[in-house]
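To keep things clear, I will list the structure first and then write my remarks on it.
Derivation of every value follows stated rules applied to the coordinates shown; laboratory data play no part. Owing to the predicted nature of the structure, the values given are computational and were not obtained by experimental measurement. Methodologically, a virtual Cβ is constructed for each residue, glycine included, from the backbone with ideal geometry; neighbour enumeration extends over all protein chains shown.
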């Protein structure tokens, strides 16, 4: 089946630094990918929709200059958390649709970001 | 915004018992999907039910959808310890984005 590879699985960084998270569709092309954020024991909050070859669409309240999204190819989207602060610590998950209504969306395994 | 609401928030059962989780939503949908998430991991798609469907089965999973009540239920029969996870419903209103509920944490004890 469709596979979305996300890495790193976890990352620890210092305040003020930037962190890049990659999301790759391994066996299908994804013109659209989605980035979510999840706090402990809470649901997923959609941050932005990443569109190949165009600007990402950000949800209300998500700072586009802080969470940079690049979708340069049909199989790769990246999320860069710039000038990270401890409050950015969270679980970030990407997803993509491999097409076919009955298949839902395929999710990456997530990235645990800890900013110290 | 989150429009799905699952209940219960947490469910603890013994192996072999059935587990039922419910989800309510507020707006019209194209389809409703159920996902499973093991602790600290990504989500796994379980089943999708379209707005014109009322019931769907997949292995030990049974999903119902009542669009008049804007609700869905997920039944896991003959539960196993390996079913321990969080379960989320997500609605697709036709705009290719999913809106997730708050989830139900299921604990199945051996």
So how far apart, in nm, are the two label points at residue B:80 and residue A:116 if each is 7 Å from Cα heading toward Cβ? 3.9
Max mean-square fluctuation residue, GNM over chain B, Cα-Cα springs under 10 Å, options B:67, B:77, B:97: B:97
Is there a simple number for the mean count of other chain Cβ atoms within 10 Å of the Cβ of residues in B:77-85, and what is it? 0
1/(1 + (r/R0)^6) with r = Cβ-Cβ of residue B:26 and residue B:96, R0 = 22 Å, i.e. FRET efficiency to nearest 0.05, evaluates to 0.70
Between the stretch A:16-87 and the stretch B:3-49, the alpha-carbon center distance in angstrom: 24
If R₀ is 41 angstrom, what is the calculated FRET efficiency for the pair residue B:12 and residue A:66, using the beta carbon separation as r and rounding to 0.05? 0.55
Net length gained if the chain between residue A:82 and residue A:10 were fully extended (0.36 nm per residue, minus Cα distance): 24.3 nm
If I take every Cα pair under 8 Å that is 6 or more residues apart in chain A, average their sequence separation and divide by the length, what percent do I get for the relative contact order? 37
